[in-house]
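Report on one structure; see the data block that follows.
What follows is calculated from the coordinates using simple rules that are stated; it is not laboratory data. For clarity, every value in this text was computed on a predicted model and none was experimentally measured. Glycine gets a Cβ as well: all are built from the backbone with ideal geometry, and neighbour counts include every protein chain shown.
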Amino acid sequence: MIKTLVVLSGGMDSTALLHLAIHEEGARNVGAVSFNYGQKHGVELVYASEYCASMSIPHEVVDISLLKGTLSNSALTGDFDVPEGHYEDENMKVTVVPNRNMILLAIAAGKAINDGYERIGYAAHKGDHAIYPDCREEFAAAMKECLRLCHYDDGIELWRPFIDFRKEDIASLGTGLGVDWTMTWSCYNGRDLHCGKCATCGERKEAFAISNLVDPTEYEDED
């Protein structure tokens, strides 16, 4: 069994990854870490915490919200609105948080070393690559090598099983593994319901539709 620390946002991808880790390694060998970086949709952290509690998985929320000002050139952390539309639209680039994944993976590596985990689970998938530079295969490969070198012996393994998956593949896999999608959060607007109009809501809707699965999410805009 490989002791695995999952970077858990509270969204579809990382929650499916959490289930996959439990399925492969057993719950006693899995933990999760989430990050408060000042994101507008901080409600995702509540979902992450509640999900881990329901699965009896150890979970820590690391507060790095002091970085919010440093990472403010993003619609997720800055003083401007989250755009509506599809991820393929040019204006969606404003949702990129500068170098977010490198920062989060570096801190996760420190926690993994400190707490005796052997690998870090990272849920980047193929559909992310077009808009998020730090979700590309090249980035993941480089981080994998960094994590190999950041500790003694073979270092920390970077586990990225979804790197060639699309969102609909994750929806299908997660459903098969028993993910409760009603306990996950995707929307970039941290309101009471998913807005139904931002890019990540659109991607969520598409994933269920393409997979021929019922979308259990309640949206402000059902169109």
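Per the Debye calculation on the chain with a single equal scatterer at every Cα and no solvent contribution, log₁₀ I(q)/I(0) for q = 0.15, 0.18 Å⁻¹ amounts to -0.99, -1.49.
In terms of other Cβ atoms within 10 Å, 185, 159 run from fewest to most in the order 159, 185. For the residues 45, 193, 71, a GNM of the chain with alpha-carbon springs under 10 Å puts the largest fluctuation on 193. Just name one of 10, 64, 97: the one whose Cα is farthest towards the positive end of the charge dipole of the chain (beta-carbon charges, Lys/Arg +1, Asp/Glu -1). After comparing all options, I get 64. Scanning residues 5 or more positions from residue 36 or on other chains, those with amide H under 5 Å from its amide H are 62, 63, 64, with H placed 1.01 Å from N in the peptide plane.
How many percent of Cα pairs in segment 6-65 exceed 13 Å? Value for segment 6-65 (Cα pairs over 13 Å): 55 percent.
Placing +1 on the Cβ of every Lys and Arg and -1 on the Cβ of every Asp and Glu, with no other charges, gives the chain a dipole of roughly 620 debye about its Cα centre.
The string of couplings for segment 163-179 from the Karplus curve (6.51, -1.76, 1.60, θ = phi - 60°) is 4, 10, 8, 9, 4, 5, 5, 5, 4, 5, 4, x, 4, x, 8, x, 4 Hz, one whole number per residue in order, with x for Gly and Pro. Between the Cα long axis of helix 12-25 and the first principal axis of the chain there is an angle of about 30°, rounded to the nearest 10.
Only DSSP H runs of four or more residues enter the estimate; each adds -39500 (n - 2.57), and after division by the residues of the chain the mean residue ellipticity at 222 nm equals -11500 deg cm²/dmol.
Looking at the chain, the DSSP beta bridges with both ends there are about 5 percent antiparallel. On alpha carbon coordinates alone, what is the Rg over Rh value for segment 1-131, Rh being the Kirkwood radius? That ratio is 0.98, to two decimals.
Here the Karplus curve 6.51 cos²θ - 1.76 cosθ + 1.60, taken at θ = phi - 60°, turns the phi angles of segment 97-110 into couplings of 8, x, 6, 4, 5, 5, 5, 5, 5, 5, 5, 4, 5, x Hz, with x standing for Gly and Pro. Against the chain, whose longest principal axis is taken from its Cα atoms, helix 199-210 shows a tilt of about 90°. When the charge dipole of segment 4-210 is built from unit charges on Cβ atoms (+1 for Lys and Arg, -1 for Asp and Glu) and taken about the Cα centre, the candidate among 46, 155, 207 whose Cα reaches farthest toward its positive end is 46.
If you run the Gaussian network model on the chain, springs between alpha carbon atoms under 10 Å, then out of 182, 15, 95 the most flexible one is 182.
A simple charge model with +1 on the Cβ of Lys and Arg, -1 on the Cβ of Asp and Glu and nothing else charged puts the dipole of segment 76-173 at about 260 debye relative to its Cα centre.
For the residue pairs 68/197; 93/126; 3/167; 111/167, the alpha carbons lie more than 21 Å apart in 68/197; 3/167; 111/167. Springs join every pair of Cα atoms under 10 Å in this Gaussian network model of the chain, and among 86, 125, 59 the largest mean-square fluctuation is at 86.
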